[in-house]
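This report refers to the structure that appears directly beneath it.
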Amino acid sequence: GNLSKDVTDPQLYEHFSTKCPSLQMVKVIRDPKGVSKGYGFVSLKEAMDCARAIREMDQTWLASRPIRVKRSDWKERELKTVQKKRK
């Protein structure tokens, strides 16, 4: 959270790839006009990298702001649950 409006997916990836070798993907969330909503998601394969990211990357500077790193509270991670809601 607290991402600057000009942060791109490649910048976010680069920022986390140095500390998290199991980094899978990143996504900056944008509105329909393409403007950043100020937050994004980072997917890590290893639980230890997740803990390290929360501990070491929280409040680090990316672009012009200190970012907030926390575990996602998104509960609909199961593909079947998401597919049911779309119907």
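The values are calculated or read from the model by the stated rules, or taken from the named source; none is laboratory data. It should be emphasised that the depicted structure is a prediction, and the values quoted were computed from it without experimental measurement. No Cβ is skipped: glycine too gets one built from the backbone with ideal geometry, and neighbour counts run over all protein chains shown.
Points to keep in mind about this one:
- Failed condition for L62, given (1) at pLDDT 95 or above; (2) surrounded by fewer than 11 Cβ atoms within 10 Å (Cβ to Cβ): (2)
- Criterion (in contact (Cβ under 8 Å) with a residue 24 or more places away in the chain, in contact with a strand residue (DSSP E or B) (Cβ under 8 Å, 6 or more places away or on another chain) and either under 19 Å from P10 (Cβ atoms) or of a type in the set (K, R) (or both)) met by exactly one of S43, S36: S36
- Residue in the range 66-87 that is among the aliphatic types (A, V, I, L, M), modelled with pLDDT under 95 and not in a helix (DSSP H, G or I) present: no
- Where A47 falls short, out of the listed (1) at pLDDT below 95; (2) surrounded by 11 or more Cβ atoms within 10 Å (Cβ to Cβ): (2)
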